[in-house]
Amino acid sequence: VPLPKPSVDTGAGLERIAAVMQGEDDNFHTDVFLPLIERVGELVGRSYDRSAEERASYRVLADHARAVSFLLADGVYPSNEGRGYVLRRILRRAVRHAWLLGRREPTLAPLTDVVVRQMGEIYPELTAKAGEIHEITEAEERRFLETIEGGLRRLDDIFASGAKAIPGDEAFKLYDTFGFPIDLTEIIAGERGVEVDLAGFESALEEQRSRSRTARISGGTSTGVRNSGSVEAPAVHVSPAGKWRTVKRGKQKFVGYGTTEADTDILAFRQEGPRVEVVLKENPFYAESGGQVSDVGVVEGRDWSLKVDTVRKEARGTVLGGSFAQEFEPASLHAAVDAPRRHDIERNHSATHLVHHVLRKQLGTHVRQQGSLVQPDRLRFDFSHHGPVDADTLQAIESEVNDLILANDVVGTRELPYAEALALGAMAFFSEKYGDVVRVVQMGPSVELCGGTHVRTSGQIGTFRFSGQSGVAAGVRRVEAVTGGTALRAVRELEQRLVAVAEALKAQPEHLVRRVEQLLEERVRLEARLAEALRTGSGAAVGGDVFSVAGVELTIAQISTEDRAEAGRIADAFREGKRNAVLVLFGSAGRGAIHVTLTDDLVSSGRKAGDLVNRIAALSGGKGGGRPHFASAGAGDPERLPAARAATPDLVAAWLESGRVPEATGA
C-alpha cells in the first residue's frame with residue numbers, strides 16, 4: 001500500500017516488526033532478545049520478571065551483549081580513546097547493571113556466546129572470532145570488577161553527605177582510580193537526583209594530560225653515557241635565545257638515509273654563551289621522530305670541532321647543537337654521525353617492524369602499534385592486546401623474528417602516494433600525521449609507513465631477544481627487546497649466571513634442571529616432616545600468655561616466621577583436641593602480621609576468625625581475612641603491634657559480648 005508520505009521513516013526495524021509478528025508489545029519480549037534475557041536470568045539466579053523494576057538491567061545486558069559482540073567482530077578493541085573507549089563504556093555500563101542484579105562475575109562474556117549462536121550463521125565474522133570475543137569481554141569485565149565496588153562505595157559516601165553535585169575532582173577520581181567513565185558517573189548520579197561538575201572533571205582531566213606530557217618530555221630529555229662513551233640524545237631541547245645569522249641561502253637536504261657523513265656548508269647558526277646551534281645544507285643527522293631517538297656525533301671545521309649532543313626539528317630545518325667555548329666562525333665542514341650508535345639504533349628500529357608483523361600474525365590482527373621507543377641499547381614496543389602474552393607464545397614470536405632476520409631480506413624503501421601505499425598493504429596504525437606522499441619500508445613480509453633509518457638487510461639486525469613484557473594501560477601491552485651485540489651480551493651474561501648457579505649447586509649446567517627438581521623434592525619432604533612435628537606437638541609448640549575471657553581460653557603468642565602456611569600449621573596443632581579456645585599470633589618478621597584461630601565449637605556458634613583479626617589489626621592500621629576458623633591480617637604500622645597485643649584481651653571480650661558477629665570482608 002503506497003504511503004501518503006513515502007519519505008518518512010516509519011522506524012519499523014527488525015525488532016519492531018518481529019514484535020508485531022509475534023504479538024508482543026515490547027521489542028525485548030521477542031525471540032531476538034528473549035534467549036539473551038533468559039541467559040541473564042540463569043547467570044543471576046532469578047528469572048526475568050516483565051513487571052519488576054530491575055527488568056531494565058536484564059534488557060541493558062541483552063542489548064549491550066549484542067553491541068559488544070559486533071564491535072569486537074568489526075575489529076574495535078577496548079581502549080581509552082575513540083571507538084575503543086565507546087566500547088569500554090558500553091562494557092562497564094553493563095558490568096554495573098550485572099552488579100545491580102547481584103552478579104560479581106563476568107556476565108557479558110557468556111552472553112556473547114548466545115549472540116554468536118543466534119547470529120553467527122548470517123554474520124560469519126562472529127563465529128570466526130567467537131573465542132576472541134569471549135576472551136576479551138571477560139578480561140575487560142574482570143578488570144572493572146576489581147574496582148567497581150570501591151567506586152560505588154565512594155559514590156555512596158558522596159550521596160550520604162547530602163551533596164547536590166559531585167565535584168569535578170571526585171568525578172575524576174572515579175574515572176582515574178576506579179575506572180568509571182564520566183557518563184556512567186552521570187547516570188548513577190542522575191538516579192539520585194545529583195548533578196556532576198563536568199567542567200571541573202574536564203579541568204582535572206586536562207591537568208592529568210599535561211602532567212603526562214611533561215613526564216614524557218622530561219623522561220625523554222635525560223641524557224646518559226653508554227659504555228662506548230657516546231651520549232644519549234635527548235628527545236626535546238629548548239632553543240637558546242641567541243639570534244640566528246644566515247650564512248648561505250638554500251634548502252636543507254637530509255642525506256642520513258644513505259650515509260652517516262657529509263662534507264657540507266652551514267646555512268645558518270646562532271651562539272648563546274657556551275652553546276652553538278647550526279643548520280647544515282646537507283644533513284646526515286636524524287632528529288627524533290616516530291619513537292627513534294636523535295643522532296649524536298661531531299661537526300668539524302679546519303681548526304675547530306663541535307660535539308653534537310642535541311638534534312631537533314624546527315621550521316628552518318634540522319638544528320644541531322653542542323657546547324662551543326670560543327667565538328664561532330662558520331666555514332665549510334665535515335659532519336659525522338656516531339656511526340656505531342646509529343647502526344645499533346637501526347638494528348632496533350628494523351626489529352620493531354618485524355616484531356609488529358609477527359605479533360599480528362601470532363596474536364591476531366587486533367594488534368596495533370600504540371607507541372614505540374628505539375634507542376641504541378634497546379627497543380620498546382607498545383601494542384593493543386587484551387592480556388599478557390604467555391611464555392610459550394612469546395618464545396614462538398622471538399623465534400619467528402629471528403627466522404626473519406636469518407632470511408636476510410633486503411630492506412627496501414620507496415616513496416608512494418598515501419592511498420597507493422595502503423593498497424600495497426602498508427600498516428599505518430599509530431597516531432602519526434601522513435602527507436600525500438609517504439615513505440614505505442619493506443623487509444620480507446613486513447610493510448610499514450616509516451620515516452626512520454633502517455638496516456640494509458634484515459640479517460644486519462644480528463640477534464633478537466625479548467628482555468621484558470608488561471602492561472602499560474588497560475588493553476595495551478609492552479614488550480622490550482635487545483638486538484645485535486646487546487643481545488649477544490645478554491646471552492653471555494645468562495650463560496655466566498647458569499655456570500655460577502651450577503657451581504653453587506655442584507652440578508653440570510646440563511644437569512641443573514634435575515638438580516633443582518631434587519632440591520624441590522627434598523624441600524617437600526622437609527615441609528612434610530615439619531608439619532607432622534607441629535601436628536603431633538598438639539599445641540605444645542605454642543607458648544605465650546593465657547587468659548580466661550568470658551569463659552573462653554585466650555592464648556596470645558609471638559612467632560618469628562613470615563610464612564602464613566607455617567602459622568596455619570601452628571594454628572591447626574593448637575585447635576586439635578581443644579574447645580572454647582582462641583589463639584592470637586603476632587608475627588614480628590617482615591612488615592608484621594596477626595593470625596587468629598578459633599576452635600570448631602566457636603565456629604559452629606557463628607563466630608568467625610576474620611572478624612576478630614580485623615578488630616585487632618585495625619589498631620595497627622591493617623586489615624585482612626581468611627576462613628572462619630583461621631584468618632590473617634597485615635600490620636599497617638608494625639610499631640603499633642605491641643599496643644594491639646596489649647588491647648587484645650579487651651577486644652576479644654567485646655567480640656564475645658557482641659550479639660550477631662558481622663562477617664568481615666574476605667572471611
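The values are calculated or read from the model by the stated rules, or taken from the named source; none is laboratory data. Since the structure is predicted, the reported quantities are computational estimates derived from the model, not experimental observations. Cβ sites come from the backbone with ideal geometry, for glycine too, and all protein chains shown count toward neighbours.
Of note:
- Those helices (runs of 4 or more DSSP H) of the range 1-95 in which 2 or more residues are more than 23 Å from Ile122 (Cβ to Cβ) and in contact with a helix residue (DSSP H, G or I) (Cβ under 8 Å, 6 or more places away or on another chain) occupy 34-44, 55-73.
- Gln118 passes every criterion in (1) in contact with an Asp or Glu (Cβ under 7 Å, 6 or more places away or on another chain); (2) more than 30 Å from Asp197 (Cβ to Cβ); (3) of a type outside the set (A, V, I, L, M) apart from (1).
- Test: residue in the range 135-156 that is outside the structural domain of Ser47 (by TED's automatic domain parsing), touching a residue at least 12 places away in the same chain (Cβ under 8 Å), hydrophobic (A, V, I, L, M, F, W, C) and over 20 Å from Val44 (Cβ atoms): yes
- Residues in the range 600-619 that are among the hydroxyl-bearing types (Ser, Thr, Tyr) and buried (at least 20 other Cβ atoms within 10 Å of the Cβ): 0 in all.
- Flag if Asp392 is surrounded by fewer than 20 Cβ atoms within 10 Å (Cβ to Cβ), within 31 Å of the chain's Cα centre (by Cα) and more than 30 Å from Thr264 (Cα to Cα): yes
- For Gly364, the conditions (1) out of contact with any Asp or Glu (no Cβ under 8 Å at 6 or more places or on another chain); (2) in the same structural domain as Gly468 (by TED's automatic domain parsing) are fulfilled apart from (1).
- Test: Phe269 is of a type in the set (Phe, Trp, Tyr), in a loop (DSSP other than H, G, I, E, B) and under 15 Å from Leu333 (Cα atoms): no
- Subset of the range 620-637 that is under 30 Å from the mean Cα position of the chain (by Cα) and of a type in the set (A, V, I, L, M) - its residue that is surrounded by the most Cβ atoms within 10 Å (Cβ to Cβ): Ala633
- Subset of the range 608-667 that is more than 18 Å from Phe586 (Cα to Cα) and among the acidic types (Asp, Glu) - its residue that is modelled with the lowest pLDDT: Glu663
- Screening the range 447-481 for residues that are of a type in the set (Ser, Thr, Tyr) and under 30 Å from Ala139 (Cα atoms) and picking the one that is modelled with the lowest pLDDT gives Ser470.
- Scanning the range 573-594 for residues that are under 22 Å from Arg529 (Cβ atoms) and surrounded by 16 or more Cβ atoms within 10 Å (Cβ to Cβ) yields a total of 4.
- Residues that are at pLDDT 80 or above, over 16 Å from Phe630 (Cα atoms) and among the β-branched types (Val, Ile, Thr) within the range 521-579 comprise Val524, Val546, Val549, Val552, listed in sequence order.
- Within the range 432-451, residues that are among the aliphatic types (A, V, I, L, M) reach partners that are modelled with pLDDT of 90 or more and part of a loop (DSSP other than H, G, I, E, B) with beta carbons closer than 8 Å, at six or more positions or on different chains, in the pairs Val440/Cys450; Val441/Cys450; Val441/Gly452; Val441/His454; Met443/Asp409; Met443/His454.
- Just one of the numbered conditions (1) among the small types (Gly, Ala, Ser); (2) over 22 Å from the mean Cα position of the chain (by Cα); (3) at pLDDT below 90; (4) crowded, with 17+ Cβ neighbours inside 10 Å is not true of Ser51: (4).
- Test: residue in the range 389-408 that is touching an Asp or Glu at 6+ places or on another chain (Cβ under 8 Å) and either more than 23 Å from Ser294 (Cβ to Cβ) or among the hydrophobic types (A, V, I, L, M, F, W, C) (or both): no
- Scope the range 255-285; condition under 14 Å from Val299 (Cβ atoms) and either touching a Cys at 6+ places or on another chain (Cβ under 6 Å) or of a type in the set (Ser, Thr, Tyr) (or both); matching residues: Thr260, Thr264
- Hits in the range 64-114 (condition: farther than 19 Å from Lys129 by Cα and among the charged types (D, E, K, R)): Glu81, Arg89, Arg92, Arg93, Arg96, Arg103, Arg104, Glu105
- Restricting attention to the range 157-185 and to residues that are free of Cβ contacts under 8 Å to residues at least 12 places away in the same chain and in a helix (DSSP H, G or I), the residue that is nearest to the chain's Cα centre (by Cα) turns out to be Asp157.
- Subset of the range 308-338 that is surrounded by fewer than 14 Cβ atoms within 10 Å (Cβ to Cβ) and of a type in the set (D, E, K, R) - its residue that is farthest from Lys243 (Cα to Cα): Lys313
- For the residues Thr127, Thr107, the requirement of being surrounded by fewer than 18 Cβ atoms within 10 Å (Cβ to Cβ) and modelled with pLDDT of 90 or more singles out Thr127.
- In the range 345-353 there is at least one residue matching the filter, namely being surrounded by 14 or more Cβ atoms within 10 Å (Cβ to Cβ), in contact with a Phe, Trp or Tyr (Cβ under 7 Å, 6 or more places away or on another chain) and not hydroxyl-bearing (Ser, Thr, Tyr).
- Residue selected from the range 398-407 under the condition in contact (Cβ under 8 Å) with a residue 60 or more places away in the chain and under 17 Å from Leu363 (Cβ atoms), by the criterion surrounded by the fewest Cβ atoms within 10 Å (Cβ to Cβ): Glu398
- A single member of Glu202, Glu121, Glu138 is among the charged types (D, E, K, R) and part of a loop (DSSP other than H, G, I, E, B), and it is Glu121.
- Residue in the range 135-147 that is within 19 Å of the chain's Cα centre (by Cα) and small (Gly, Ala, Ser) present: yes
- Just one of the numbered conditions (1) within 34 Å of the chain's Cα centre (by Cα); (2) surrounded by fewer than 20 Cβ atoms within 10 Å (Cβ to Cβ); (3) free of Cβ contacts under 8 Å to residues at least 60 places away in the same chain is not true of Ala287: (2).
- Residues of the range 550-572 classified as touching a His at 6+ places or on another chain (Cβ under 9 Å) and buried (at least 18 other Cβ atoms within 10 Å of the Cβ), total: 5
- Selection of strands (runs of 3 or more DSSP E) fully inside the range 374-445 by the criterion of at least 3 residues being touching a Phe, Trp or Tyr at 6+ places or on another chain (Cβ under 8 Å) and at pLDDT below 90 returns nothing.
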